[in-house]
Amino acid sequence: MSRKYRQPGYQDNERESRPRVRKPSRPRGAPEFRARPMPGFQEVVRCTMCGATTSHDIGLETQCPKCGADLHTCRQCVFFDTSARLECTQKIPERIPRKGVRNQCGLFVAKKTIERQTTSYTPAAPGPKTAREAFDALFKN
(Lines give C-alpha, C1' and ligand atoms only; values in the text may rest on other atoms or scores of the structure.)
Protein backbone atom coordinates (compact mmCIF):
# COMPACT_ATOMS: atom_id res chain seq x y z
CA MET A 1 0.00 0.00 0.00
CA SER A 2 1.44 3.33 -0.92
CA ARG A 3 1.11 6.32 1.36
CA LYS A 4 0.94 9.92 0.45
CA TYR A 5 3.55 10.97 3.04
CA ARG A 6 6.70 8.89 3.10
CA GLN A 7 8.72 10.73 5.76
CA PRO A 8 10.24 8.44 8.35
CA GLY A 9 8.20 8.34 11.49
CA TYR A 10 4.82 9.15 10.02
CA GLN A 11 2.39 6.39 11.01
CA ASP A 12 5.14 3.88 11.55
CA ASN A 13 3.96 0.68 13.12
CA GLU A 14 7.47 -0.44 13.85
CA ARG A 15 8.13 2.47 16.19
CA GLU A 16 10.35 1.68 19.10
CA SER A 17 8.95 2.95 22.33
CA ARG A 18 11.73 4.21 24.54
CA PRO A 19 11.10 4.97 28.20
CA ARG A 20 11.81 8.54 29.12
CA VAL A 21 14.86 9.01 31.25
CA ARG A 22 14.50 11.67 33.92
CA LYS A 23 17.52 13.57 35.02
CA PRO A 24 18.06 13.57 38.76
CA SER A 25 17.30 16.93 40.29
CA ARG A 26 20.33 18.71 41.54
CA PRO A 27 20.49 21.09 44.48
CA ARG A 28 19.71 24.69 43.70
CA GLY A 29 23.06 25.97 44.89
CA ALA A 30 24.72 26.92 48.10
CA PRO A 31 22.38 27.91 50.96
CA GLU A 32 23.51 31.54 50.87
CA PHE A 33 22.47 31.81 47.21
CA ARG A 34 19.08 30.12 47.49
CA ALA A 35 15.87 32.05 47.25
CA ARG A 36 14.95 33.89 50.41
CA PRO A 37 11.68 33.11 52.11
CA MET A 38 8.78 35.24 50.97
CA PRO A 39 7.37 37.67 53.50
CA GLY A 40 4.25 36.57 55.28
CA PHE A 41 1.20 38.43 56.45
CA GLN A 42 0.63 40.21 59.71
CA GLU A 43 -2.33 41.62 61.58
CA VAL A 44 -1.99 45.38 62.10
CA VAL A 45 -3.95 48.07 63.95
CA ARG A 46 -3.46 51.50 62.38
CA CYS A 47 -4.41 54.96 63.60
CA THR A 48 -7.18 56.45 61.45
CA MET A 49 -5.69 59.93 61.71
CA CYS A 50 -2.05 59.37 60.74
CA GLY A 51 -1.80 55.68 59.73
CA ALA A 52 0.84 54.75 62.31
CA THR A 53 0.80 51.17 63.62
CA THR A 54 -0.28 50.74 67.22
CA SER A 55 -0.62 47.92 69.71
CA HIS A 56 -3.52 45.46 69.41
CA ASP A 57 -4.89 46.08 72.89
CA ILE A 58 -6.55 49.49 72.95
CA GLY A 59 -7.86 50.75 76.28
CA LEU A 60 -10.08 53.71 77.05
CA GLU A 61 -7.16 56.10 77.60
CA THR A 62 -4.95 54.84 74.74
CA GLN A 63 -3.55 57.43 72.35
CA CYS A 64 -1.60 57.18 69.11
CA PRO A 65 2.17 57.25 69.76
CA LYS A 66 2.79 59.39 66.66
CA CYS A 67 0.01 62.00 66.51
CA GLY A 68 -1.53 61.74 69.99
CA ALA A 69 -5.08 61.10 68.72
CA ASP A 70 -7.50 59.05 70.82
CA LEU A 71 -7.75 55.40 69.70
CA HIS A 72 -10.89 54.32 71.62
CA THR A 73 -13.15 56.06 69.07
CA CYS A 74 -15.89 55.01 66.67
CA ARG A 75 -13.58 55.48 63.67
CA GLN A 76 -11.18 52.85 65.06
CA CYS A 77 -14.01 50.33 65.66
CA VAL A 78 -14.84 47.29 63.52
CA PHE A 79 -18.54 48.11 63.67
CA PHE A 80 -18.18 51.69 62.35
CA ASP A 81 -20.08 52.09 59.07
CA THR A 82 -21.16 55.45 57.66
CA SER A 83 -24.04 53.90 55.71
CA ALA A 84 -25.56 52.10 58.72
CA ARG A 85 -28.17 53.54 61.06
CA LEU A 86 -26.48 55.68 63.76
CA GLU A 87 -23.23 54.90 61.88
CA CYS A 88 -22.80 51.61 63.76
CA THR A 89 -23.67 48.07 62.66
CA GLN A 90 -24.48 47.06 66.27
CA LYS A 91 -27.55 48.06 68.25
CA ILE A 92 -26.60 51.10 70.31
CA PRO A 93 -29.02 53.05 72.52
CA GLU A 94 -28.14 56.50 71.16
CA ARG A 95 -26.05 58.05 68.44
CA ILE A 96 -22.54 59.15 69.33
CA PRO A 97 -22.22 62.53 67.59
CA ARG A 98 -18.41 62.94 67.44
CA LYS A 99 -16.83 59.82 65.91
CA GLY A 100 -13.19 60.92 66.25
CA VAL A 101 -13.30 61.62 69.99
CA ARG A 102 -12.82 59.13 72.84
CA ASN A 103 -16.09 57.53 73.99
CA GLN A 104 -17.36 55.01 76.56
CA CYS A 105 -18.89 52.50 74.07
CA GLY A 106 -18.84 48.97 75.50
CA LEU A 107 -19.09 47.37 72.04
CA PHE A 108 -15.73 48.76 70.88
CA VAL A 109 -13.47 46.29 69.05
CA ALA A 110 -10.31 47.62 67.39
CA LYS A 111 -10.26 47.43 63.61
CA LYS A 112 -7.46 45.12 62.49
CA THR A 113 -6.21 44.80 58.94
CA ILE A 114 -4.11 42.04 57.42
CA GLU A 115 -1.12 43.36 55.54
CA ARG A 116 1.88 41.85 53.85
CA GLN A 117 5.10 42.14 55.83
CA THR A 118 7.33 44.50 53.93
CA THR A 119 10.36 44.49 56.17
CA SER A 120 13.64 43.60 54.56
CA TYR A 121 15.15 40.18 55.01
CA THR A 122 18.14 40.44 57.30
CA PRO A 123 20.91 37.94 56.55
CA ALA A 124 22.52 35.93 59.34
CA ALA A 125 25.92 37.54 58.83
CA PRO A 126 26.10 41.33 58.66
CA GLY A 127 27.12 42.61 55.27
CA PRO A 128 29.53 45.38 54.38
CA LYS A 129 28.63 48.83 55.69
CA THR A 130 30.07 50.89 52.87
CA ALA A 131 30.38 50.50 49.14
CA ARG A 132 34.15 50.45 49.49
CA GLU A 133 34.01 47.47 51.89
CA ALA A 134 31.70 45.63 49.50
CA PHE A 135 34.10 46.27 46.60
CA ASP A 136 37.11 45.10 48.61
CA ALA A 137 35.24 41.97 49.76
CA LEU A 138 34.34 41.17 46.15
CA PHE A 139 37.93 41.22 44.89
CA LYS A 140 39.90 40.07 47.91
CA ASN A 141 42.30 37.18 47.36
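The values are calculated or read from the model by the stated rules, or taken from the named source; none is laboratory data. Predicted model, so just to flag it, every value in this text is computed and none were measured. Heads up, the Cβs are rebuilt from the backbone with ideal geometry, glycines too, and the neighbour counts pull from every protein chain shown. These area figures cover heavy atoms from the full protein model, side chains too; ligands, DNA and RNA do not enter into them. Shrake-Rupley method; radii C 1.70, N 1.55, O 1.52, S 1.80 Å.
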Partner lysines whose C-alpha sits under 27 Å from that of residue 112, ignoring same-chain residues fewer than 8 away, are 66, 91, 99
Within the under-12-Å Cβ sphere about residue 70, not counting residue 70, Lys/Arg +1 and Asp/Glu -1 give a net charge of +3
Just to confirm a number: summing +1 for Lys and Arg and -1 for Asp and Glu over residues other than residue 88 whose beta-carbon lies under 14 angstrom from that of residue 88, what do you get?
+4
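Ignoring ligands, DNA and RNA, how do 112, 66, 99 rank by accessible area with a 1.4 Å probe, largest first?
Details: 112 95, 66 155, 99 20 Å².
Accessible-area ranking of 112, 66, 99, largest first: 66, 112, 99.
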